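Encoded as structure tokens, the structure appears first; notes follow it.
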Amino acid sequence: MKLPGFFRSRGAAAAIALSLSAITVSGCVLPPRDDPAALAAYKEANDPLEGFNRAIFGFNEGTDILLFRPAAEIYRTVLPNPVRNGIRNFLRNLRSPLDIANNLLQGDLAGAEVATKRFLINTTAGVGGVMDIAADNGLPYRSEDLGQTLAVWGVPEGPFLMLPLLGPSNFRDAAGVAGEAYGDPINLWATNTDRDEIPVVRGIVGGIDTRSGLIEPIDDLRRNSLDYYASLRSLYRQNRISEINNGQVPAGSESYPEFPEFPEDDAAPAPAPVDNSNGTAKSSKP
């Protein structure tokens, strides 16, 4: 699952830097050492910064309720589904160089080949990526990011981290977001040509588009969770594990619901199987 990453641009790196600066002065919360049950729950949650994270979560919730959710509703009401699909396809196509690079860095040559073919086909026959012709010809989209690459390399996920506006993350994924924000070819081109507004507009449109497809699932999660923060933390972690493992589920693992990054319609997504390992490496690559 990738919950709305509203500003996946250099603003993302700024949000991460702000969070890490605040963490250095906020300290960590530790459970009682003489309470084995509390210690086990603490380790399972992997959230030593919970006090700080819940404060950021509260800020994000207020911003979402007052700004992002209403904007997503307007976006979904004004734009018909074919137009929204075209926007998603275009944004995916812009991300193709990063998908290709991360597949290569993970040693997934087959994935890199698919991503390259998708980019070439959709950029040409798909009118700059507005139409996903490649998917219609047996080349489905699969997002790969630097956080997943770091996981393949064996980098531990680190503690859970709630980022301002960007939402749930962890130290490994936050480093990945920051790295991609500075290494994205679109961002580099925009910076070198004094078009700094392009990454901002791209991030805002992408975030609102993603949020528009998650209105019902997030509303349900808010309404049905005893602790919405804890539910979101668990769901984020399980879905990141699924992405890292490319949806492969080892025998005996549990299944969790998944929120798609870019839903294809307005219906709530159906549950999908998710790996339940520790999220440090991919189990297989197609």
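Taken together, the values in this text are just the output of simple stated rules run on the coordinates, not laboratory data. The model shown is predicted, which means the values in this text are computed figures rather than measured ones. Here the Cβ is made from the backbone with ideal geometry for all residues, glycine too, and neighbour counts use every protein chain on show.
Here the spin labels are modelled as points 7 Å beyond Cα on the Cα-Cβ line, and at residue 123 and residue 204 they lie 2.8 nm apart. When you restrict to C-alpha pairs under 8 Å that are six or more residues apart and normalise by the size of segment 154-254, the relative contact order lands at 16 percent.
Distance between the modelled labels on residue 225 and residue 194, one decimal in nanometres: 4.5 nm (7 Å Cα→Cβ projection). Amide H contacts of residue 163: 169, each under 5 Å away and 5 or more positions distant or on a separate chain (H built 1.01 Å from N in the peptide plane; Pro and chain starts excluded).
Counting Lys and Arg as +1 and Asp and Glu as -1 over every other residue whose Cβ lies under 11 Å from the Cβ of residue 129, the net charge comes to +3. When each of the peptides 84-97, 233-246, 190-203 is scored by the mean number of other C-beta atoms lying within 10 Å of its residues, the order from highest to lowest reads 233-246, 84-97, 190-203.
Does segment 91-229 come out rounded, prolate or oblate, given a ≥ b ≥ c as the square roots of the eigenvalues of its C-alpha gyration tensor, rounded meaning a/c under 1.5 and, failing that, prolate meaning a/b above b/c? Could you put the intermediate results ahead of the total?
Numbers: a/c = 1.43, a/b = 1.33, b/c = 1.07.
Verdict is rounded for segment 91-229.
With the simple spin-label model, which puts each label point 7 Å out from Cα in the Cβ direction, the residue 45 to residue 136 separation comes to 4.9 nm. Full extension of the chain between residue 155 and residue 110 gives 13.9 nm of extra length, using 0.36 nm per residue less the Cα-Cα distance.
Just add up the charged neighbours of residue 119: K/R +1, D/E -1, any other residue whose Cβ is under 10 Å from the Cβ of residue 119.
Numbers: positive: 92, 95, 117, 118; negative: 99.
It works out to a net charge of +3.
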